[in-house]
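Some notes on the structure that comes next.
The values are calculated or read from the model by the stated rules, or taken from the named source; none is laboratory data. The shown structure was predicted, so the numbers you read here are calculated from the model rather than taken from an experiment. Neighbour counts are summed over all protein chains in view; Cβ atoms, including those assigned to glycine, are modelled from backbone coordinates with ideal geometry.
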Amino acid sequence: MTITIDSIKNEQYLLLVELKKLLANEYMLYATRYSSWDIKDRNAVELDKFYESQYEELDIVIDDIIERVRSIKPFAAGRLSNYFKFATLIEYSYPVSQKEQLSNLLADHEIIIQQLNQLATDFSGKYNNYDNTGFVMGLMEKHTKMAWRIRSYLN
């Protein structure tokens, strides 16, 4: 394949679309922040701290993705409505039991892990873009760890 300005622009466009989809899902998952508002359990304080650690990690992830988008395109679309169009995660109804809440969060992390795995495959295979492959692999590691922590509560 011959590398041309047009092929680079096309690759950057496709990369931006995929990062926007990822960012939309990360924002949907960031609703972890609001999960603690509905805790009605004897271990509410402990769960509140747990959720706080999760959404603080997601805050860093979101910032990293935005910085990556801005490195490709000078201005990231700063309106949430621009990103939610790309989201594949759903917003769950609340209040639900603690177990349902954690199960929903776990399911969302697992969807994002699958999304990141597909991105890593595409970035390394289709585009030979190893910088972004490494980036999404790092994000996958963070989500895997957050999912593991949620599983520890469910078991």
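Looking at the range 51-63, is at least one residue buried (at least 18 other Cβ atoms within 10 Å of the Cβ), modelled with pLDDT under 90 and closer than 18 Å to L15 by Cα? Among the residues of the range 51-63, not one is buried (at least 18 other Cβ atoms within 10 Å of the Cβ), modelled with pLDDT under 90 and closer than 18 Å to L15 by Cα, which makes the answer no. Checked against (1) surrounded by 12 or more Cβ atoms within 10 Å (Cβ to Cβ); (2) on the phi > 0 side of the Ramachandran plot; (3) polar (S, T, N, Q), N82 passes all but a single condition, namely (2). Kindly indicate whether any position in the range 117-139 is of a type in the set (K, R), more than 15 Å from the chain's Cα centre (by Cα), exposed (fewer than 15 other Cβ atoms within 10 Å of the Cβ) and farther than 21 Å from D38 by Cβ. Within the range 117-139, one or more residues are of a type in the set (K, R), more than 15 Å from the chain's Cα centre (by Cα), exposed (fewer than 15 other Cβ atoms within 10 Å of the Cβ) and farther than 21 Å from D38 by Cβ. Number of residues in the range 93-114 that are under 17 Å from E57 (Cα atoms) and either modelled with pLDDT under 95 or of a type in the set (S, T, Y) (or both) equals 2.
Let's see how each residue does on (1) closer than 22 Å to L16 by Cα; (2) without any contact (Cβ under 8 Å) to a residue 60 or more places away in the chain; (3) not small (G, A, S):
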{"site": "F50", "(1), (2), (3)": "no, no, yes"}
{"site": "L106", "(1), (2), (3)": "no, yes, yes"}
{"site": "E141", "(1), (2), (3)": "yes, yes, yes"}
{"site": "T144", "(1), (2), (3)": "no, yes, yes"}
